[in-house]
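Note sheet for the following structure.
The values are calculated or read from the model by the stated rules, or taken from the named source; none is laboratory data. Here the structure is a predicted model, which is why all the values come from computation and not from measurement. We place every Cβ from the backbone using ideal geometry, glycine too, and count neighbours over all the protein chains shown. These accessible areas exclude ligands, DNA and RNA; they are computed on the full protein's heavy atoms, side chains included. Shrake-Rupley method; radii C 1.70, N 1.55, O 1.52, S 1.80 Å.
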Amino acid sequence: MRQCRLPLPGVTSMVNAGAMSGSGNLMDFLDEPFPDVGTYEDFHTIDWLREKSRDTDRHRKITSKSKESIWEFIKSLLDAWSGWVVMLLIGLLAGTLAGVIDLAVDWMTDLKEGVCLSAFWYSHEQCCWTSNETTFEDRDKCPLWQKWSELLVNQSEGASAYILNYLMYILWALLFAFLAVSLVRVFAPYACGSGIPEVLSAAAAAGVSVAFGAPIGGVLFSLEEVSYYFPLKTLWRSFFAALVAAFTLRSINPFGNSRLVLFYVEYHTPWYMAELFPFILLGVFGGLWGTLFIRCNIAWCRRRKTTRLGKYPVLEVIVVTAITAIIAYPNPYTRRSTSELISELFNDCGALESSQLCDYINDPNMTRPVDDIPDRPAGIGVYTAMWQLALALIFKIVITIFTFGMKIPSGLFIPSMAVGAMAGRMVGIGVEQLAYHHHDWIVFRNWCRPGADCVTPGLYAMVGAAACLGGVTRMTVSLVVIMFELTGGLEYIVPLMAAAVTSKWVADAFGKEGIYEAHIHLNGYPFLDVKDEFTHRTLATDVMRPRRGEPPLSVLTQDSMTVEDVETLIKETDYNGFPVVVSRDSERLIGFAQRRELILAIKNARQRQEGIVSNSIMYFTEEPPELPANSPHPLKLRRVLNLSPFTVTDHTPMETVVDIFRKLGLRQCLVTRSGRLLGIITKKDVLRHMAQMANQDPESIMFN
């Protein structure tokens, strides 16, 4: 998790330090705010209950002050709208970056094959748009766009031209890969991967919204897959961020079609009940693919983390890119960008399509409208495309296993959809040809007459894409919504639902974890998945620390420890916080202090408050303790103390404790009996206990 700066509760005016006696008025150091209080270090879990309490206190204080003057009232309005302003900025930035990325990806993909002579920053399509010599029949060819062999050696055909274009393709791929991994390694370490395992709700919603033109699906994805703590306010703000991002992307119009959707399709044939069987088969394939991918990818990523391979991320990216480029170039379906490939696989074959996938044998006497072309026998181009797609499918399955998780910004949605779309298109063509050549079979007799447009292979590609994406991520509701927003195919929700549910059932039969949950556990993020049920009859006392034979719990006393004592305790332990008790004898709980805030408070007190030395007494009470007259300044740190930490009794069922951690977003809770501190349960303790109850080794769970 990235560092999250959170506002400090309302602060009061600072009281000047008084005389150096135990009864003098002493400064509560946090009355004057200092940097980094209320923040979390990288990869530290946010204590949502504590932050909600802080936010409530802050809001209450701002509201009470708003009646004092116009300026305070304006500040209260600004505070009330601050969250929405942040969401607005996230949406604007996400939409703008998505538009720029979409345009840049098209240009960089085409740059591997050639360059535009009139303007080198134009992609192939943009270059030919601007040419007056481009005809509709040869719309992919224009004098202004030249392949590298034409530009460098003035040859467009022959072995030498092919080899030169091949080498330039590999060279550009290596250059782009090196640029990506270098930027991640030097400037943005958090940018590697998809970003989804790092549990950021509104950002994920905005990202899916602009990546697929699916604002509603983005919010549902955030709710279904990203968050375990998702209050209603977060839902509203996530939807607002996704909406702004979608509007921003629509204004940029990177696809040139005035649409938000990436793969807009328009099918002219309805689906039939008999087609549910191949749709379900695609769901089975998606579930099996998801299981295979998760197991193989996690095994490879674990090997990367536990061997010397992980020490050379740049070399790994370069080697994998070189292998990918060498294998991908000869096949036209792996040479092009994955987005272009999916778009072609989703498309229906109209009269003006020039793709190999649409190379059917036409009836010269056909007089049907161009948008209602009947099923036709496949031509040589379709059969060529079928075996090329089969090879591309195998290649994509294998290479995706090794590429996901490398130290580059990369996601899994598009690669998974490509695998499913290729499988689905091949199944669709197979069903189409069966229906054409065997229309008298009982399965086709009632709905596929000769000369009718019965089967739409592009629909099978869309269903296959949904099935494979569902098998990998285990999404259901959000997946269906994303797919129909992505393609505009609203009337095909039932096939999408059938494939998504089937893929989830099949994949769940081999393991409940989706790819993101698996990477969360691999990376050591303390994530409590709401999908995991806990039905064991254990108690809080079975999980809390310290246990029998372990050292006693590290605690702070309210008014008897020196600054040096606390600094020593912090140095010798790595706990994120410490319970504060009245005394070690009574163990009566009064609150909880965070480690980071103690460190910052002591550091700043030494720098800014005179008289604070190692043997100064630290106290968390309102009034200072009775001290000898010659004692050094005591340090009052009551405001770093959480006076209402969440507590449970030692006989609380762990089923209830797990539910509390999930629904309240707790970081830790304290275990008491009649107000006396007995121990502590952290989120990591809960996860280890759940692993133990599932017959796993709890010590095998490693946390970052």
Using 21 Å as the Cα-Cα cut-off, could you pick out the over-long pairs in LYS112/LYS396; LYS52/LYS233; LYS61/LYS663; LYS305/LYS571; LYS531/LYS663? LYS61/LYS663; LYS305/LYS571
If you rank CYS192, CYS128 by how much accessible surface each has, with a 1.4 Å probe, what is the order from largest down? CYS192, CYS128
Taking all pairs of different Cα atoms in the chain, averaging 1/r and flipping that mean, what Kirkwood radius in angstroms comes out? 29.3 Å
Picking from PHE212, PHE176, LEU528, whose Cα lies most toward the positive end of the charge dipole for the chain (charges on Cβ: Lys, Arg +1; Asp, Glu -1)? LEU528
Degrees separating the helix 380-403 axis from the principal Cα axis of the chain, which is the longest one: 20 degrees
Heavy-atom surface of the chain, accessible at 1.4 Å and reported per residue (Å²): 49 Å²
With unit charges on the beta carbons (Lys and Arg positive, Asp and Glu negative) and the dipole taken about the Cα centre of the chain, which residue among THR96, SER339, CYS454 sits farthest to the positive side? THR96
Spelling it out for ILE680: with amide H atoms placed in the peptide plane at 1.01 Å from N, the residues 5 or more places away or on another chain with amide H under 5 Å from its amide H are ARG545, VAL671
Can you pull the accessible area of LYS65 for me, 1.4 Å probe, Å² to the nearest 10? 80 Å²
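Rounded to a whole number, what % of the accessible area of the chain do carbon and sulfur atoms account for, probe 1.4 Å?
On the way: 20760 of 34520 Å².
Carbon-and-sulfur percentage of accessible area, whole number: 60.
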Between helix 563-572 and the chain, what is the angle of the helix's C-alpha long axis to the longest principal axis, kept within 0 to 90° and rounded to the nearest 10? 40 degrees
Under unit Cβ charges (Lys, Arg +1; Asp, Glu -1), what dipole magnitude, rounded to 20 debye, does the chain have relative to its Cα centre? 1700 debye
Lys/Arg +1, Asp/Glu -1 at C-beta; the chain dipole; positive extreme among ILE493, GLY83, ALA322: GLY83
What is the angle, in °, between the Cα long axis of helix 457-473 and the longest principal axis of the Cα atoms in the chain? Nearest 10 is fine, range 0 to 90. 20 degrees
